[in-house]
Structure formats: C-alpha cells, structure tokens
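The values are calculated or read from the model by the stated rules, or taken from the named source; none is laboratory data. Bear in mind the structure is a predicted one, so any value in this text is a computation, not a measurement. With ideal geometry, Cβ positions are generated from the backbone for all residues, glycine too; neighbour counts draw on all protein chains shown. Ligands, DNA and RNA are excluded from the accessible area calculation, which covers all protein heavy atoms including side chains. Shrake-Rupley method; radii C 1.70, N 1.55, O 1.52, S 1.80 Å.
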Amino acid sequence: MNAVAPIDQTLIPAHLTGQDGRNRSHARSQVAADDDRSAVLAWLARYVDTPATLASYRKEAERLLLWCVHQRGLAMSSLTHEDLLLYERFLADPQPAERWVMTVRQRPGRGSPHWRPFAGPLSSASQRHALSIINAMFSWLVEAGYLAGNPLSLGRRKRRVGPRQTNRFLPKEHW
C-alpha cells in the first residue's frame, strides 16, 4: 500500500469496517450506522450548514479513519487509548511521508492520485485541535450509542489554574 486515497474512494476490508469493533455498543444505538465510515458520516451530517467546520471536521475524521486502515490495521471502533497515543505521535510526524504527505507546493484535488491527507507534520497547536475534534466525534458517537466508550477521554488533562480563592471572614467580635 503506497498511496492513500480519500476515505470515500478507499475500499475498506471487511474486517476493518467496524461492524464488529471491540468498542461497539450495538444494544442502544440511536443512529442507523452499522460501520465506522457511516457513523462518521452521521456525525459530519450535523455540520452540513457550516461548510468551513464541515471541511475541518471531515479532514480530521478522514485522517483518523485512513490511519486506522492503512497504518494500524484496526477498525476505528476497535481503537484503544494506547492506539490513540500512537496516533498523537503520528500527527507530529506522519510516516512514511510518501504515503501520507503531499509534496511541497502541491495542492491536488481529492480525486487526484497525488492527493495526501497531510501537507506536513502538524504543529503542537494543530495536534491539539485535531485531537479535540476527534474527542468531540468520539463523545458524540458514545452519546449516539454507536460506541461503548470514548478511548480519547482517558487522556491526560492539564489542570486549569484559576485565580486563587480568598476566604475572608469576620471574627465574632467585629459583628
């Protein structure tokens, strides 16, 4: 497998579709999707009225689905927390570059055989943005009953340091 094509042009092997994903929640699904690609499309359908958001979300969901199929050999609905740690490292350096990264100054359309999911490694800020989109997608898929749990929610969270709380009180004699 040398080149990667857009997910709508990729033939996904039956064992990687997610129909039997380890993290599936068949019992209470509220969406008609029976495979990972259909579940992602159901999530994306919510953003059809905001084209820029749709394009951004599609790009991140597509990158993850393609990485699952071409790099991990797993269905998206079988991903574990550990797999997503590997994906996070992959975003920083998508290798092999000839499979994942467009050549310099090349912006081929999605139908071109020269299309690739990445223009280069993602910056730290872009990695955080990508993972926040994927986290939102997984959370929605859990809420929709497609997935049993969100493996990305197990990630380390930085504590937000807020303003120090000052407790003040008056002694009884000042009342």
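Numbers for the structure displayed
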read-out: Set Val40, Val48: member being under 21 Å from Asn150 (Cβ atoms) and of a type in the set (A, V, I, L, M, F, W, C); value: Val40
read-out: Residue in region 50-82 that is nearest to the chain's Cα centre (by Cα), counting only those that are more than 13 Å from Leu16 (Cβ to Cβ) and charged (D, E, K, R); value: Glu60
read-out: All positions within region 110-144 that are open to solvent by less than 50 Å² (accessible area, probe 1.4 Å), in a loop (DSSP other than H, G, I, E, B), under 20 Å from Leu86 (Cβ atoms) and free of Cβ contacts under 8 Å to residues at least 60 places away in the same chain; value: Gly120, Leu122
read-out: Output for region 22-40, where each listed residue is open to solvent by less than 100 Å² (accessible area, probe 1.4 Å) and either assigned to a loop (DSSP other than H, G, I, E, B) or hydrophobic (A, V, I, L, M, F, W, C) (or both); value: Asn23, Ser25, Ser29, Val31, Ala33, Asp34, Asp35, Ala39, Val40
read-out: Filtered residues of region 13-47 (kept if more than 19 Å from Leu131 (Cα to Cα), of a type in the set (Val, Ile, Thr) and in contact with a helix residue (DSSP H, G or I) (Cβ under 6 Å, 6 or more places away or on another chain)); value: Val31
read-out: Qualifying positions in region 22-56 - aromatic (Phe, Trp, Tyr) and without any contact (Cβ under 8 Å) to a residue 40 or more places away in the chain; value: Tyr47
read-out: Scan of region 74-103 for residues that are open to solvent by 10 Å² or more (accessible area, probe 1.4 Å) and farther than 25 Å from Ser139 by Cβ, ordered by number; value: Asp93, Gln95, Pro96, Ala97, Glu98, Arg99, Val101, Met102, Thr103
read-out: One residue from Arg107, Arg168, Arg157 being modelled with pLDDT under 95 and either over 30 Å from Ala45 (Cβ atoms) or open to solvent by less than 90 Å² (accessible area, probe 1.4 Å) (or both); value: Arg168
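Listed here are the residues, each with its yes/no results for (1) touching a residue at least 24 places away in the same chain (Cβ under 8 Å); (2) assigned to a loop (DSSP other than H, G, I, E, B); (3) among the charged types (D, E, K, R).
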residue: Asp20; (1), (2), (3): yes, yes, yes
residue: Leu84; (1), (2), (3): yes, no, no
residue: Leu91; (1), (2), (3): yes, no, no
residue: Arg99; (1), (2), (3): yes, no, yes
residue: Arg105; (1), (2), (3): no, yes, yes
